[in-house]
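Below: one structure, written as structure tokens.
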Amino acid sequence: ASAKKLADDAAANAQIIAGYQTLEELYRNWDKYAGTGEEANGDNVRRQIGTVGDKSPLFGIRKALLKRRLDLDEFEEFDRLITKIDSDSYSAIFADSSTAPKRGYAYMKDAKAATKQLLAKYRGILDTLGLEV
């Protein structure tokens, strides 16, 4: 393999590992990021998963996973879960001030459940790629 390919893989691996650590931190300290009860803070969660701003290692994570040639089914499941976390967190922002069918905290509860699922999926991806955290 070329030096550039090896460097690209190393950068992708580092981002994938850092992304897992960020997601684990988010889940472990959910209330710190997401708020509690009526104080749901969806944007903080979205910042952590890389869908608001570009500071999180999860920002651009899909590209890193594709560079490592992750199995398409695995990738799609990863993408589905991270999109669900984003969507639920976004919905929580507006739920309490609208006629939404659920309250913000209920969306955040769903986002946390999806985060737990994504962590499990992510651990499998790390194993598949031969990466250790």
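Look at Leu58 and say whether it is of a type in the set (A, V, I, L, M) and in contact with a Lys or Arg (Cβ under 8 Å, 6 or more places away or on another chain). Let's see the steps before the verdict.
On the way: of a type in the set (A, V, I, L, M): yes; in contact with a Lys or Arg (Cβ under 8 Å, 6 or more places away or on another chain): no.
No.
Can you tell me which residue in segment 94-133 is nearest to the chain's Cα centre (by Cα), limited to those that are in a loop (DSSP other than H, G, I, E, B) and surrounded by 13 or more Cβ atoms within 10 Å (Cβ to Cβ)? Give the derivation first.
Step one: of segment 94-133, the residues in a loop (DSSP other than H, G, I, E, B) are 96-103, 130-133.
Within this subset, residues satisfying the condition of being surrounded by 13 or more Cβ atoms within 10 Å (Cβ to Cβ) are 96, 100, 102-103, 131.
Working: Asp96: 24, Ala100: 24, Lys102: 22, Arg103: 22, Leu131: 18 Å.
My answer is Leu131.
Tell me, yes or no, whether segment 99-117 has at least one residue that is hydroxyl-bearing (Ser, Thr, Tyr) and either without any contact (Cβ under 8 Å) to a residue 60 or more places away in the chain or farther than 16 Å from Asn41 by Cα (or both). Full working, then the answer.
As a first pass, look at segment 99-117 and keep what is hydroxyl-bearing (Ser, Thr, Tyr): 99, 105, 107, 115.
Next cut, either without any contact (Cβ under 8 Å) to a residue 60 or more places away in the chain or farther than 16 Å from Asn41 by Cα (or both) only: 99.
Taking every residue of segment 99-117 in turn, at least one turns out to be hydroxyl-bearing (Ser, Thr, Tyr) and either without any contact (Cβ under 8 Å) to a residue 60 or more places away in the chain or farther than 16 Å from Asn41 by Cα (or both).
Sort out which residues of segment 70-88 are free of Cβ contacts under 8 Å to residues at least 12 places away in the same chain, surrounded by fewer than 16 Cβ atoms within 10 Å (Cβ to Cβ) and either under 16 Å from Gly50 (Cβ atoms) or of a type in the set (Phe, Trp, Tyr) (or both), and write them in order of number.
Restricting attention to segment 70-88, the residues satisfying the condition of being free of Cβ contacts under 8 Å to residues at least 12 places away in the same chain are 72-73, 76, 80, 83, 87.
Next, from what is left, pick out any that are surrounded by fewer than 16 Cβ atoms within 10 Å (Cβ to Cβ): 72-73, 76, 80, 83.
Across segment 70-88, the qualifying residues are Arg80, Thr83.
Quick one: would you say Ser91 is assigned to a helix (DSSP H, G or I), without any contact (Cβ under 8 Å) to a residue 60 or more places away in the chain, out of contact with any Pro (no Cβ under 7 Å at 6 or more places or on another chain) and surrounded by 14 or more Cβ atoms within 10 Å (Cβ to Cβ)? Can you show your working first?
On the way: assigned to a helix (DSSP H, G or I): yes; without any contact (Cβ under 8 Å) to a residue 60 or more places away in the chain: yes; out of contact with any Pro (no Cβ under 7 Å at 6 or more places or on another chain): yes; surrounded by 14 or more Cβ atoms within 10 Å (Cβ to Cβ): yes.
It is true that Ser91 is assigned to a helix (DSSP H, G or I), without any contact (Cβ under 8 Å) to a residue 60 or more places away in the chain, out of contact with any Pro (no Cβ under 7 Å at 6 or more places or on another chain) and surrounded by 14 or more Cβ atoms within 10 Å (Cβ to Cβ).
Readers should treat all values here as calculations from the given coordinates under stated rules, not as data from a laboratory. Everything numeric in this text was worked out from a predicted model, so none of it was measured. Positions of Cβ are backbone-derived with ideal geometry, glycine not excepted, and every protein chain shown enters the neighbour counts.
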